[in-house]
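*Asks:* Structure incoming, see below.
The values are calculated or read from the model by the stated rules, or taken from the named source; none is laboratory data. Every value quoted in this text rests on a predicted model; they were computed, and no experiment measured them. When we count neighbours, we look across all protein chains shown, and the Cβ atoms used for this are built from the backbone with ideal geometry, even at glycine.
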Amino acid sequence: MTDPEFAANHYSQAAFEFETKRLTELCPVEFGITKRMLDRWIPDGSRIAEVGVGVGHYSEHLASRGCRIHLIDIAQRLLDAAVERLQRSGLGAQIAGVHRLSATELTTLDAGQSEAVLLLGPLYHLRQPSDRERAIAESARLLKTGGLLYAAGINRLPYLRDLLREQPGTVVERRDFHRQFLQDGNLDPDHAPPLGFAHLTTGQEFRELFAGRFERLILMGVESFTSAWQPVLHTLPADQRQAWLDLVEQTGVTPEGLGQADHFLFVGRKL
């Protein structure tokens, strides 16, 4: 099974219910900071290609600002959920198209027509460097000159942090696997069932992925110091939530904030 085929099955079956609640219930810092970055650079009414649309949380946010969005995902069940979300919110008219495609093969979409491309999930599931590079090249092809790319990667080290918390007794038997993992960042369903076949990156590798195609506007650790405590945000009044997000934004661009975060976010302008 190829990486895209696995991702399609994974998110259509085992991971679907988790995906419906991950951002809103479990990861409000990730959700809040990413929406801030979308609003900072994407003008109202822009034409967007969201590659790896999930269940449509970010599409709904952008559609509410008048953006027209191509919904793109490898999993039909996720596409159906995203369409339903926008229609339920009265935003169905903002859907420019619905496409079941891999991030590495977007050739049915016209080049140079998008003001922004969102790539906020596919890079997690492309284990070969050539596939990740292809996904970036395809995203760049869709963009106008000066268009914006939003791309997310998963930090390599939190996997080990979570293993220490959840399965500390497996460290000896997994020694050879960990040696390889620290070299290539690749996971499989035996070692990481929630993600399955996946790729976790380093800050340097992630930064270099965009070199030569994009002018970097920001590279940040989305959660910074809050990674393990994101749901606390739900318990706070609005002014306190925003104050904590301010601190996350300020620290997420530092080496320390990048190192602690679960996710990296790159925003760049097409050269």
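*Asks:* Out of the residues in segment 68-81 that are farther than 12 Å from Ala49 by Cα and out of contact with any Ser or Thr (no Cβ under 6 Å at 6 or more places or on another chain), state the one that is surrounded by the fewest Cβ atoms within 10 Å (Cβ to Cβ).
*Replies:* Pass one, segment 68-81, residues farther than 12 Å from Ala49 by Cα: 74-81.
Retained after the next criterion (residues that are out of contact with any Ser or Thr (no Cβ under 6 Å at 6 or more places or on another chain)): 76, 78-81.
On the way: Gln76: 13, Leu78: 26, Leu79: 22, Asp80: 16, Ala81: 19.
Top of the filtered list is Gln76.
*Asks:* For segment 175-208, how many residues meet the condition of being touching a Leu at 6+ places or on another chain (Cβ under 8 Å) and not in a strand (DSSP E or B)?
*Replies:* 10
*Asks:* Touching a strand residue (DSSP E or B) at 6+ places or on another chain (Cβ under 6 Å), part of a helix (DSSP H, G or I) and either modelled with pLDDT of 95 or more or not β-branched (Val, Ile, Thr) (or both): does that describe Tyr124? Write out each step before concluding.
*Replies:* Details: touching a strand residue (DSSP E or B) at 6+ places or on another chain (Cβ under 6 Å): yes; part of a helix (DSSP H, G or I): yes; either modelled with pLDDT of 95 or more or not β-branched (Val, Ile, Thr) (or both): yes.
When the stated conditions are applied, Tyr124 passes them.
*Asks:* One residue is enough: does segment 179-199 have a residue meeting the conditions more than 23 Å from the chain's Cα centre (by Cα) and either under 13 Å from Leu126 (Cα atoms) or at pLDDT 95 or above (or both)?
*Replies:* Taking segment 179-199 as the starting set, the residues that turn out to be more than 23 Å from the chain's Cα centre (by Cα) are 179-180.
Among the residues that remain, those that are also either under 13 Å from Leu126 (Cα atoms) or at pLDDT 95 or above (or both) are: 179-180.
The answer is yes, given that some residue of segment 179-199 is more than 23 Å from the chain's Cα centre (by Cα) and either under 13 Å from Leu126 (Cα atoms) or at pLDDT 95 or above (or both).
*Asks:* If you take the residues of segment 45-67 that are among the hydroxyl-bearing types (Ser, Thr, Tyr) and assigned to a loop (DSSP other than H, G, I, E, B), which of them is surrounded by the most Cβ atoms within 10 Å (Cβ to Cβ)? So that I can check it myself, show each step before the final result.
*Replies:* Residues of segment 45-67 that are among the hydroxyl-bearing types (Ser, Thr, Tyr), as a first pass: 46, 58-59, 64.
If we keep only those that are assigned to a loop (DSSP other than H, G, I, E, B) as well, we get 46, 64.
Details: Ser46: 19, Ser64: 14.
Ranking the qualifying residues of segment 45-67, first place goes to Ser46.
*Asks:* Now for a different question. Which residues, counting only those in segment 6-18, are part of a helix (DSSP H, G or I) and either out of contact with any Phe, Trp or Tyr (no Cβ under 6 Å at 6 or more places or on another chain) or farther than 15 Å from Pro194 by Cβ (or both)? Lay out the reasoning, then the answer.
*Replies:* Within segment 6-18, the subset part of a helix (DSSP H, G or I) is 6-12, 16-18.
Matches in segment 6-18: Ala7, Ala8, Asn9, His10, Tyr11, Ser12, Phe16, Glu17, Phe18.
*Asks:* Restricting attention to segment 98-136, and to residues there that are of a type in the set (Ser, Thr, Tyr) and farther than 11 Å from Ile72 by Cα, which single residue is nearest to the chain's Cα centre (by Cα)? Explain how you work it out, then say what you get.
*Replies:* Within segment 98-136, the subset of a type in the set (Ser, Thr, Tyr) is 102, 104, 107-108, 114, 124, 130.
Within this subset, residues satisfying the condition of being farther than 11 Å from Ile72 by Cα are 104, 107-108, 114, 124, 130.
Values: Thr104: 15, Thr107: 21, Thr108: 22, Ser114: 18, Tyr124: 8, Ser130: 19 Å.
Checked segment 98-136; the qualifying residue nearest to the chain's Cα centre (by Cα) is Tyr124.
*Asks:* Residue check: is Glu115 without any contact (Cβ under 8 Å) to a residue 60 or more places away in the chain, charged (D, E, K, R) and either part of a loop (DSSP other than H, G, I, E, B) or out of contact with any Phe, Trp or Tyr (no Cβ under 9 Å at 6 or more places or on another chain) (or both)? Walk me through it before giving the result.
*Replies:* Values: without any contact (Cβ under 8 Å) to a residue 60 or more places away in the chain: no; charged (D, E, K, R): yes; either part of a loop (DSSP other than H, G, I, E, B) or out of contact with any Phe, Trp or Tyr (no Cβ under 9 Å at 6 or more places or on another chain) (or both): yes.
Considered against the rule, which asks whether it is without any contact (Cβ under 8 Å) to a residue 60 or more places away in the chain, charged (D, E, K, R) and either part of a loop (DSSP other than H, G, I, E, B) or out of contact with any Phe, Trp or Tyr (no Cβ under 9 Å at 6 or more places or on another chain) (or both), Glu115 comes out as no.
*Asks:* Just one of Asp184, Asp162, Asp176, Asp188 is surrounded by fewer than 17 Cβ atoms within 10 Å (Cβ to Cβ) and within 22 Å of Phe266 (Cβ to Cβ); which is it?
*Replies:* Numbers: Asp162 fails: within 22 Å of Phe266 (Cβ to Cβ); Asp176 fails: within 22 Å of Phe266 (Cβ to Cβ); Asp188 fails: within 22 Å of Phe266 (Cβ to Cβ).
Selected residue: Asp184, the only one of Asp184, Asp162, Asp176, Asp188 that is surrounded by fewer than 17 Cβ atoms within 10 Å (Cβ to Cβ) and within 22 Å of Phe266 (Cβ to Cβ).
*Asks:* Something else now. So which residues in segment 26-40 are surrounded by 16 or more Cβ atoms within 10 Å (Cβ to Cβ) and touching a residue at least 60 places away in the same chain (Cβ under 8 Å), if there are any at all? Step through it out loud before you land on a result.
*Replies:* In the first step, residues of segment 26-40 are kept if they are surrounded by 16 or more Cβ atoms within 10 Å (Cβ to Cβ); the result is 27-35, 37-38.
Correct list: Cys27, Pro28, Val29, Glu30, Gly32, Ile33, Thr34, Met37, Leu38.
*Asks:* Whether any residue in segment 224-233 is under 22 Å from Asp184 (Cα atoms), at pLDDT 95 or above, surrounded by fewer than 19 Cβ atoms within 10 Å (Cβ to Cβ) and not basic (Lys, Arg) is what I want to check. Working first, answer last.
*Replies:* Our first condition is that a residue be under 22 Å from Asp184 (Cα atoms); within segment 224-233, this holds for none.
Checked against the condition, which is being under 22 Å from Asp184 (Cα atoms), at pLDDT 95 or above, surrounded by fewer than 19 Cβ atoms within 10 Å (Cβ to Cβ) and not basic (Lys, Arg), segment 224-233 yields no hits at all.
*Asks:* Follow-up. If you check Leu219, Leu245, which single one turns out to be part of a helix (DSSP H, G or I), surrounded by 18 or more Cβ atoms within 10 Å (Cβ to Cβ) and among the aliphatic types (A, V, I, L, M)? Give the derivation first.
*Replies:* Working: Leu219 fails: part of a helix (DSSP H, G or I).
That would be Leu245, the only listed residue that is part of a helix (DSSP H, G or I), surrounded by 18 or more Cβ atoms within 10 Å (Cβ to Cβ) and among the aliphatic types (A, V, I, L, M).
*Asks:* If I filter segment 156-170 for residues that are in contact with an Asp or Glu (Cβ under 7 Å, 6 or more places away or on another chain) and in contact (Cβ under 8 Å) with a residue 12 or more places away in the chain, do I get at least one hit? Quick ask: steps written out before the conclusion?
*Replies:* We begin by selecting, within segment 156-170, every residue in contact with an Asp or Glu (Cβ under 7 Å, 6 or more places away or on another chain); these are 158.
Adding the requirement that they be in contact (Cβ under 8 Å) with a residue 12 or more places away in the chain leaves 158.
Within segment 156-170 (the criterion being in contact with an Asp or Glu (Cβ under 7 Å, 6 or more places away or on another chain) and in contact (Cβ under 8 Å) with a residue 12 or more places away in the chain), the answer is yes, since at least one residue qualifies.
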